[in-house]
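Read through the structure below, which is laid out as structure tokens, and then see the notes.
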Amino acid sequence: MAFTLTKKKNAPIKPKSASQHNAAPLTLINPFNDKPATIGLDYMTYEQLDEFGTELDAVRQRVLDDLGQKDADYIRRVIRAQRAAEVLGRIGIFMPFFPPAFIAGILLLGVAKILDNMEIGHNVMHGQYDWMNDPMVNGARFEWDNVAPAQDWKHGHNYIHHTYTNIHGMDRDIGYNLLRIDGDQPWYGTHRFNLPLAFVLMMVFEWGVMYHGVELDQYLQGKISKADFQARKKRAMKKIRKQVLKDYVAWPLLGLALVPVVGWWAPLAILGANVVANIIRNIWTFLIIFCGHFPAEVQTFAEEDAQNESRGQWYLRQLLGSANISGHAPFHVLTGNLSYQIEHHLFPDIPARRYPEVAEDVKLLVEKYGLHYNTGRLSKQLASVARQLAVYGKKPSDPYKIGNSPESKALRRAKREEAARRVEAARESQLTS
Amino acid sequence: MGIIRKTLTSRPVAALASPHTVDHYLEQIHPMLAAGNVRARVVEVIRETGDASTVVMRPNGAWKGFVPGQHVQFGVEVDGTRRVRVFSVSSSRASKDKTFSVSVKAHPDGYVSQFLHRELTPGTVVFLSQAEGDFVLPRDVPDHLLLASGGSGITPVMSMVRTLRDSGHTGRVTFLHYARSRADEMFTAQLDELATSDVEVVRVYTREPEPGAEIAGRFHVDHLKHLGIDPTETLTYVCGPAGLIASVRDTYAELGAADQLRMEYFKVPSVDADAADATGTLSFDDAAIETDNSGATILEQAEAAGLKPEFGCRMGVCNTCAIKKNSGAVRHVVTGEICADTDETIKICVQVPIGDVNVAL
């Protein structure tokens, strides 16, 4: 049974994952070349990169060793606040005859959905609270108030996005296959409509996240099997049915009880309130998430640069590929502490409430190695994202940057042929040896 | 089940609470309030002799009751982490005050049993499962019954004896218990008291026998002869360490009485880390980690490798830790059974690898 030894080449990165659903990070291995990755050589030497990795590992370990009752109490407080907001919100929208309560109800329900998706859902599903062994905050079991099924979101987010962060052709979150947000993405005609498309995506963001998780593009490119794709579709349909049944059928039906008091339109008012609450959540989550990776000065990488990277390089790629948003404490809670995007990408599996504390250590290291810590107010980062969308929506003059130009097509063909040649050569050398 | 509980666990209510459950909302009002999750409040912690404790609990309405001999998953939160272990119910089913109890012997390395023994206070809310297990008395108890136990395996048997006594059972009940010494024995006072009732109580101290004891030493077929028990005609329950169960099982098999025997392993035997089969490589396929087989359980080896697999009881009962084994042979630490199939699901808390093993972890 020696195949276990030969099947996988061990990554130079030590195991880091706290839970099996968050199997990051596995390094990209170049099967033909042992040459170490080039990421970060502009800033430091390989020795320094290793030291950088060790220092960040130490920060992570210090927090993990310190986890305990206060972290458990915190997430339970947030859950309590979320439940309270949700229940009060649902009561409020049952009072369409009293507009102040009705509007407050919509806002509270929106806040409840934001807390559920961000500080609770996103973080719990990262396995940040798995150490508590409490089924309510277990990353493998948690399901969020969102049409995207947790399982597929976790694969696309925890594994793909957090492992291959900002690597072109691997991180499907660079522009979400819809927008051109980086100069190294190929330009297509639809990118002329970058800004209006982004606006539409913002309004229906949960549906976008769901669609992203179905991975139609991956299936059409032959990267996932038909069975895998159909299973994704089935899970998505099941989750959609549940969410639609709850928000747009069951609760409005309960509103029929109000018809004698309010009038025939009571169920419609409740339906409308649910739609608005979902849109509030969509807008907020879109804004926060777009500010995490898309402002100017956030770096992206080519697959070749990241092959055979070390732990320190993996950390550095996360740091260079993320941006923070500054703000006060309640703001950070509402963003799920994703306003500490840099810290989140360095340590996706430590409870998010620890990010502010960890940020101090990260800033010291940034200073030590002369790096750039990308942070700014929400308005500044948003303006930067909008500018990026506008700039990269314009047709580039370089034909190699245009996706369907003859030059790009020839380049892609050459790359495909080169890869095929390599596979063939490897097969032949195996046969002869 | 009351009408309120029925409503709360109905499908329309589940649709309204989706994707969470109604218990996620109820528990915010009060920790004991739940439609489906079993919780209990600790009423009393009785420190028994010999490092054992009995925890008396009042469960919430979700608790469906127990049959004597069953066990329950018992979760208690310590410094933010819920620790779950499986304990046997030790109280009588005929108890009228809606409480029940579990009894636990504090194991020197047992985190939870030590916690119960030293720190658990009345008023604490604990997280339970429904009672589980099929090591239970039949509906119609036959005229002669032998209950045998060893060490802390006494707890489920204690529940059986107490229930039989309280429910006015008139048949002959023989209770044969093995402990190392009187000082080491659980429930000493209760056993002394039981001995005065109709139950025939025989206690054997294997290391420090009582002077003039009628039988001595580890279990032997002569013990049964001495007590006038015919195994082929006596329904027998045995619970305790693997060694006791093995000798009782072999004796009954030899006498052709295997169908009269009901067994429950009680303690996960400590694994011999120097065993000859502690060779090869243990591979965690999903995490792409390989480690030299140390001879410990796969769960322990996974934890030593920095992984954090899900687990519950850590003794092969609750199935929380079950994962897929891709290849290789494993040995069950309790039964010694060896499984070498590919693609089978195993409980990693009670399986040790033999040679190269690859698991989906």
**OP:** Quick one: count up the residues across region A:127-174 that are outside any helix (DSSP H, G or I), more than 9 Å from chain B (Cβ to nearest Cβ) and acidic (Asp, Glu).
**Re:** 2
Original post:
Under the condition of being among the polar types (S, T, N, Q) and surrounded by 24 or more Cβ atoms within 10 Å (Cβ to Cβ), which residue from region B:143-171 is nearest to B:Val202 (Cα to Cα)?
Top reply: B:Ser149
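When you check A:Ile91 against the structure, is it in the same structural domain as A:His162 (by TED's automatic domain parsing), closer than 28 Å to A:Leu258 by Cβ and surrounded by fewer than 21 Cβ atoms within 10 Å (Cβ to Cβ), yes or no? Show your work before the answer.
Numbers: in the same structural domain as A:His162 (by TED's automatic domain parsing): yes; closer than 28 Å to A:Leu258 by Cβ: yes; surrounded by fewer than 21 Cβ atoms within 10 Å (Cβ to Cβ): yes.
Here the answer is yes, as A:Ile91 does meet what is asked.
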Subject >> Complete set of residues in region B:141-182 that are farther than 24 Å from B:Ala213 by Cα and in contact with a Phe, Trp or Tyr (Cβ under 9 Å, 6 or more places away or on another chain) >> reply: B:Pro156, B:Ser159, B:Met160
Subject >> Options B:Asp184, B:Asp192; residue that is acidic (Asp, Glu), out of contact with any His (no Cβ under 9 Å at 6 or more places or on another chain) and at pLDDT 90 or above >> reply: B:Asp192
Original post:
Name the residues in region B:22-80 that are within 11 Å of another protein chain (Cβ to nearest Cβ) and among the charged types (D, E, K, R), would you?
Top reply: B:Asp23, B:Glu27, B:Glu77, B:Asp79
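Quick check on my filter: what residues within region B:171-192 are in a loop (DSSP other than H, G, I, E, B) and of a type in the set (S, T, N, Q)? Write out each step before concluding.
So in region B:171-192, the residues in a loop (DSSP other than H, G, I, E, B) come out as B:171, B:180-187.
Across region B:171-192, the qualifying residue is only B:Ser181.
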**OP:** Go through the residues of region A:119-126 one by one and say whether even a single one is over 30 Å from A:Ala269 (Cα atoms) and either facing chain B (nearest Cβ under 10 Å) or touching a strand residue (DSSP E or B) at 6+ places or on another chain (Cβ under 9 Å) (or both).
**Re:** no
Subject >> Test: A:Arg60 is part of a helix (DSSP H, G or I) and without any contact (Cβ under 8 Å) to a residue 60 or more places away in the chain >> reply: no
Subject >> Count - residues of region A:299-313 that are outside any helix (DSSP H, G or I) and either more than 18 Å from A:Arg172 (Cα to Cα) or among the small types (Gly, Ala, Ser) (or both) >> reply: 4
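I'm trying to understand the selection: among the residues of region B:288-319, which are assigned to a loop (DSSP other than H, G, I, E, B), free of Cβ contacts under 8 Å to residues at least 24 places away in the same chain and within 14 Å of chain A (Cβ to nearest Cβ)?
Hits for region B:288-319 are B:Ala288, B:Ala305, B:Gly306, B:Lys308, B:Glu310.
Return yes when B:Asp51 is acidic (Asp, Glu) and over 19 Å from A:Arg80 (Cα atoms) and no when it is not.
Details: acidic (Asp, Glu): yes; over 19 Å from A:Arg80 (Cα atoms): yes.
Against the criterion (acidic (Asp, Glu) and over 19 Å from A:Arg80 (Cα atoms)), B:Asp51 qualifies.
Restricting attention to region A:217-237, does a residue exist that is polar (S, T, N, Q) and surrounded by 21 or more Cβ atoms within 10 Å (Cβ to Cβ)? So that I can check it myself, show each step before the final result.
Kept after step one, since they are polar (S, T, N, Q), are these residues of region A:217-237: A:218, A:221, A:225, A:230.
Among the residues that remain, those that are also surrounded by 21 or more Cβ atoms within 10 Å (Cβ to Cβ) are: none.
No: zero hits.
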Subject >> Every pair of residues 6+ apart whose Cβ atoms lie under 9 Å, when the first sits in region B:149-170 and is part of a loop (DSSP other than H, G, I, E, B) while the second is not aliphatic (A, V, I, L, M) >> reply: B:Ser167/B:Ser92; B:Ser167/B:Arg93; B:His169/B:Thr163; B:His169/B:Asp198; B:Thr170/B:Asp143; B:Thr170/B:Asp198
Original post:
Got at least one residue in region B:162-171 being modelled with pLDDT under 90 and among the hydroxyl-bearing types (Ser, Thr, Tyr)?
Top reply: yes
**OP:** Please go through region A:56-75 and pick out each residue that is charged (D, E, K, R) and either surrounded by 18 or more Cβ atoms within 10 Å (Cβ to Cβ) or at the interface with chain B (Cβ under 9 Å from one of its Cβ atoms) (or both).
**Re:** A:Arg60, A:Lys70, A:Asp71, A:Asp73
Original post:
Are any of the residues in region B:282-295 at pLDDT below 85, of a type in the set (A, V, I, L, M) and under 23 Å from the mean Cα position of the chain (by Cα)?
Top reply: no
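Among the residues of region B:92-110, write down those that are without any contact (Cβ under 8 Å) to a residue 40 or more places away in the chain and surrounded by 14 or more Cβ atoms within 10 Å (Cβ to Cβ).
Residues of region B:92-110 that are without any contact (Cβ under 8 Å) to a residue 40 or more places away in the chain, as a first pass: B:96-97, B:107-110.
Within region B:92-110, B:His107, B:Gly110 qualify.
Any idea which of A:Asn138, A:Asn133 is farther than 30 Å from A:Gln313 by Cβ, modelled with pLDDT under 95 and touching a strand residue (DSSP E or B) at 6+ places or on another chain (Cβ under 9 Å)? I'd like the intermediate steps shown before the answer.
Numbers: A:Asn138 fails: touching a strand residue (DSSP E or B) at 6+ places or on another chain (Cβ under 9 Å).
Answer to the selection: A:Asn133.
Within region A:314-433, which helices (runs of 4 or more DSSP H) (wholly inside it) include 3 or more residues that are surrounded by 14 or more Cβ atoms within 10 Å (Cβ to Cβ) and touching a residue at least 12 places away in the same chain (Cβ under 8 Å)? Spell out the reasoning first.
On the way: elements: A:329-334, A:341-346, A:355-368, A:378-393, A:406-432.
Fully inside region A:314-433 and qualifying: A:329-334, A:341-346, A:355-368, A:378-393.
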Original post:
B:Tyr111 fails exactly one of the following numbered conditions: (1) over 14 Å from the mean Cα position of the chain (by Cα); (2) among the hydroxyl-bearing types (Ser, Thr, Tyr); (3) more than 14 Å from every other protein chain (Cβ to nearest Cβ). What is the number of that condition?
Top reply: (3)
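Return yes or no: is B:Val359 closer than 22 Å to B:Gly240 by Cα and either in contact with a Pro (Cβ under 9 Å, 6 or more places away or on another chain) or loosely packed, with under 15 Cβ neighbours inside 10 Å (or both)? Full working, then the answer.
On the way: closer than 22 Å to B:Gly240 by Cα: no; either in contact with a Pro (Cβ under 9 Å, 6 or more places away or on another chain) or loosely packed, with under 15 Cβ neighbours inside 10 Å (or both): yes.
So B:Val359 fails the test.
Condition first: of a type outside the set (A, V, I, L, M, F, W, C), in contact with a helix residue (DSSP H, G or I) (Cβ under 9 Å, 6 or more places away or on another chain) and outside any helix (DSSP H, G or I). Can you find one or more residues in region A:206-221 that meet it?
The answer is yes; a qualifying residue exists.
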**OP:** Show the residue pairs that are 6+ apart or on different chains and have beta-carbon atoms under 6 Å apart, the first residue being within region B:345-361 and more than 14 Å from every other protein chain (Cβ to nearest Cβ), the second being of a type in the set (Gly, Ala, Ser).
**Re:** B:Thr345/B:Ala322; B:Lys347/B:Gly316; B:Lys347/B:Ala322; B:Val350/B:Gly316
Original post:
Inside region B:329-361, can you point out the residues that are assigned to a strand (DSSP E or B) and either modelled with pLDDT under 85 or of a type in the set (Val, Ile, Thr) (or both)?
Top reply: B:Val330, B:His332, B:Ile338, B:Cys339, B:Glu344, B:Thr345, B:Ile346, B:Val352, B:Ile354, B:Gly355, B:Val357, B:Val359
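The values are calculated or read from the model by the stated rules, or taken from the named source; none is laboratory data. A quick note: this is a predicted structure, and the numbers were derived from the prediction, not measured. Reconstructed Cβ throughout: ideal geometry from the backbone, glycine too, with neighbour counts over all protein chains shown.
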